[in-house]
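J.: Quick one: the structure is below, and I'll ask about it shortly.
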Amino acid sequence: MDELLTVLVVAAFVSPLFAIGFAIYYYRHFRSAPQPKRVIPIASFILVLLASAVVFYWIGVGLGISFACSASSSNLCGLIGFFVLGPLVSSLATIVVARLWSSNARKAL
């Protein structure tokens with residue numbers, strides 16, 4: 001169990017970098033389309049990604065706290081929500097929203 005927690009903590013600290021990288025990739029991939037008729041402004045793209053990341057961070061924190069505190073009764077059980085599951089869910093949401101928005105904008109061409 002300790003090895004799994006160590007892997008999850010490392011993944012939680014690295015996941016925002018991957019989420020930012022995938023968001024940049026999806027934005028550039030959309031922009032490289034031949035003469036897109038509908039261009040996504042970068043400011044709105046960033047604002048939507050930040051909003052979704054914040055919302056899903058708190059969803060992940062809630063799920064992490066409920067999961068960790070139901071399995072153990074220690075005083076620090078809620079930290080798994082804040083430091084592990086919250087960042088992982090937030091990063092996953094950033095990747096999914098960037099992918100969905102860039103694919104829907106590409107279909108609108």
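J.: Taking into account only those residues within the stretch 9-32 that are modelled with pLDDT under 90 and in a helix (DSSP H, G or I), which is surrounded by the fewest Cβ atoms within 10 Å (Cβ to Cβ)? I'd like the intermediate steps shown before the answer.
T.: Pass one, the stretch 9-32, residues modelled with pLDDT under 90: 26-32.
Now restrict to residues that are in a helix (DSSP H, G or I): 26-31.
Numbers: TYR26: 22, TYR27: 19, ARG28: 10, HIS29: 14, PHE30: 21, ARG31: 13.
For the stretch 9-32, the residue satisfying everything is ARG28.
J.: Let me ask something additional. What pairs can you find where one residue is in the stretch 54-66 and exposed (fewer than 15 other Cβ atoms within 10 Å of the Cβ), the other is polar (S, T, N, Q) and part of a helix (DSSP H, G or I), and their Cβ atoms are less than 8 Å apart, with a gap of 6+ or different chains?
T.: Pairs found: VAL54/SER90.
To keep it simple, each residue is scored yes or no on (1) modelled with pLDDT under 85; (2) assigned to a loop (DSSP other than H, G, I, E, B); (3) under 18 Å from ALA23 (Cβ atoms).
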residue	(1), (2), (3)
PRO34	yes, yes, no
LEU47	no, no, yes
CYS69	no, no, no
VAL84	no, no, no
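J.: So, one more: Take the conditions surrounded by fewer than 13 Cβ atoms within 10 Å (Cβ to Cβ), outside any helix (DSSP H, G or I) and not polar (S, T, N, Q) and apply them to LEU100. Does it pass?
T.: no
The values are calculated or read from the model by the stated rules, or taken from the named source; none is laboratory data. None of the values given here were measured: they were computed from a predicted structure. Neighbour counts run over all protein chains shown; Cβ positions are idealised from the backbone, glycine included.
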